[in-house]
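Chemist: Encoded as structure tokens, here's the structure I'll be asking about.
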Amino acid sequence: MEDLLLLATTAGILLVLGAFAGVMAGLLGVGGGIILVPAFYYVFSLLGYGSPQLMQISLATSLATIIVTSLRSVMSHHKRGAVEWDILKTWAPGIVIGAAFGVLVASSLRSEVLQAIFGGLGVGVGLYMTIGNADWRLGEKMPGGGPRAMLSPTVGFLSVLMGIGGGSFGVPVMTLFGIPIHRAVATAAGFGVIIAVPSVIGFLFVDIAVAPPFTIGAVNLLAFSLIVSMTLMTAPWGAALAHRLDPKPLKRVFGIFLILVALNMLRQALGW
């Protein structure tokens, strides 16, 4: 009976988290992973599933949800003709290589190290959301050759270490090189699929000593199913709100919230 109550409690919390992540994704254009990774970590810790590999479970399960949500998003954007397929095709090989390397690195690290990495990168993403300017430019077109060969694996690698899709790194990269924001968001959804599919396949073969129920490798199927069911339902609500509200001040508020969450991750990783 106690196990059943714990399972029901876990399911209820995950449904609420999925609803919130979906609304934020639709409203602010940020991937749910930036919310879900720390949420998974705290929820599973509070429920007694803390282990040296808990961050791997959080990252892998977040990436599994991204497969579904990014596919739905990129198809929706494709119907509006907003996806830059040439960018996706030319950047895909490097992103896949970076994502595969990210799985190898993430699976070999302890939770504390991954928390510190998430915290450090999360502060950077939060600062960009808070003070970033859409008019900033590094160039007038997407780089090719050597610069692309360095940037594309970096996007895949860092995204896997944070358990996120292509939005947090892909959108800034594309807008800095002159891609309009709506096309950058649409194309970054494709980055999310390219990042998540190979990384989740890799995480399915990671050996986890202590894991919550219904976990295969590092992917928790219960959390995946509940989160996806809610984000697919609530993301359109967030998108509808975005048309009625000014998302810029909300994005700054969320950026500050993300910085606080990331700093707390860093605090825990350092044992403070």
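Chemist: One residue is enough: does the stretch 145-152 have a residue meeting the conditions touching a helix residue (DSSP H, G or I) at 6+ places or on another chain (Cβ under 6 Å), modelled with pLDDT under 95 and not small (Gly, Ala, Ser)?
Modeler: No, there is no match, as no residue in the stretch 145-152 is touching a helix residue (DSSP H, G or I) at 6+ places or on another chain (Cβ under 6 Å), modelled with pLDDT under 95 and not small (Gly, Ala, Ser).
Chemist: Right, here's the next one. Going by the structure shown, is Gly165 closer than 17 Å to Ile87 by Cβ and in a loop (DSSP other than H, G, I, E, B)?
Modeler: Yes: the conditions hold for Gly165.
Chemist: Consider the stretch 155-178. How many of its residues are small (Gly, Ala, Ser) and surrounded by fewer than 23 Cβ atoms within 10 Å (Cβ to Cβ)? Steps first, please.
Modeler: Here is the first cut: in the stretch 155-178, the residues small (Gly, Ala, Ser) are 156, 159, 163, 165-168, 170, 178.
Add one more test, that the residue is surrounded by fewer than 23 Cβ atoms within 10 Å (Cβ to Cβ), and what stays is 178.
So the answer is 1.
Chemist: From the set of residues in the stretch 165-174 that are closer than 16 Å to Ile97 by Cα and under 8 Å from the mean Cα position of the chain (by Cα), which is modelled with the highest pLDDT?
Modeler: Gly165
Chemist: Among the residues of the stretch 175-203, write down those that are among the basic types (Lys, Arg) and touching a Pro at 6+ places or on another chain (Cβ under 7 Å). Before the answer, list the steps.
Modeler: The initial filter retains those residues of the stretch 175-203 that are among the basic types (Lys, Arg), namely 183.
Matches in the stretch 175-203: none.
Chemist: Name the residues in the stretch 113-150 that are aromatic (Phe, Trp, Tyr) and in a loop (DSSP other than H, G, I, E, B), would you?
Modeler: Scanning the stretch 113-150 gives a single hit, Trp136.
Chemist: Same structure, new question: From Ile66, Ile57, Ile95, which residue is over 27 Å from Leu260 (Cα atoms), among the β-branched types (Val, Ile, Thr), crowded, with 23+ Cβ neighbours inside 10 Å and within 16 Å of the chain's Cα centre (by Cα)? So that I can check it myself, show each step before the final result.
Modeler: Details: Ile66 fails: over 27 Å from Leu260 (Cα atoms); Ile57 fails: over 27 Å from Leu260 (Cα atoms).
Within the list Ile66, Ile57, Ile95, the selection yields Ile95.
Chemist: Continuing with the same structure: Looking at the stretch 151-158, can you tell me whether even one residue there is touching a residue at least 24 places away in the same chain (Cβ under 8 Å), farther than 15 Å from Leu260 by Cα and outside any helix (DSSP H, G or I)?
Modeler: No, the stretch 151-158 has no match at all.
Chemist: Now for a different question. Being surrounded by fewer than 19 Cβ atoms within 10 Å (Cβ to Cβ), at negative phi and small (Gly, Ala, Ser) is the requirement here; does Ser51 meet it?
Modeler: In short, yes.
Chemist: So which residues in the stretch 93-138 are of a type in the set (Lys, Arg) and farther than 19 Å from Ser51 by Cβ, if there are any at all?
Modeler: Result: Arg137, single match.
Chemist: Which pairs do you get when a residue that is more than 18 Å from Thr65 (Cα to Cα), found in the stretch 203-217, comes within reach of a residue that is polar (S, T, N, Q), reach meaning Cβ atoms under 7 angstrom, with the pair 6+ apart or on two chains?
Modeler: Matching pairs, first to second residue: Ile208/Gln53; Ile208/Gln56; Ile208/Thr215; Ala209/Ser51; Ala209/Gln53; Val210/Ser51.
Chemist: Considering only the stretch 196-254, how many residues are assigned to a helix (DSSP H, G or I), surrounded by fewer than 20 Cβ atoms within 10 Å (Cβ to Cβ) and among the aromatic types (Phe, Trp, Tyr)?
Modeler: Total meeting the criteria: 1.
Chemist: Quick check on the stretch 218-259: of everything there that is of a type in the set (A, V, I, L, M) and without any contact (Cβ under 8 Å) to a residue 24 or more places away in the chain, which residue is farthest from Leu36 (Cα to Cα)?
Modeler: That would be Val253.
Chemist: Any residue at all in the stretch 36-44 that is of a type in the set (Ser, Thr, Tyr) and either surrounded by fewer than 20 Cβ atoms within 10 Å (Cβ to Cβ) or over 19 Å from Met162 (Cα atoms) (or both)?
Modeler: Yes; the residues of the stretch 36-44 include at least one that is of a type in the set (Ser, Thr, Tyr) and either surrounded by fewer than 20 Cβ atoms within 10 Å (Cβ to Cβ) or over 19 Å from Met162 (Cα atoms) (or both).
The values are calculated or read from the model by the stated rules, or taken from the named source; none is laboratory data. This structure is a prediction, so every number in the text was calculated from the model and none was measured. Cβ atoms come from the backbone with ideal geometry, glycine included; neighbour counts cover every protein chain shown.
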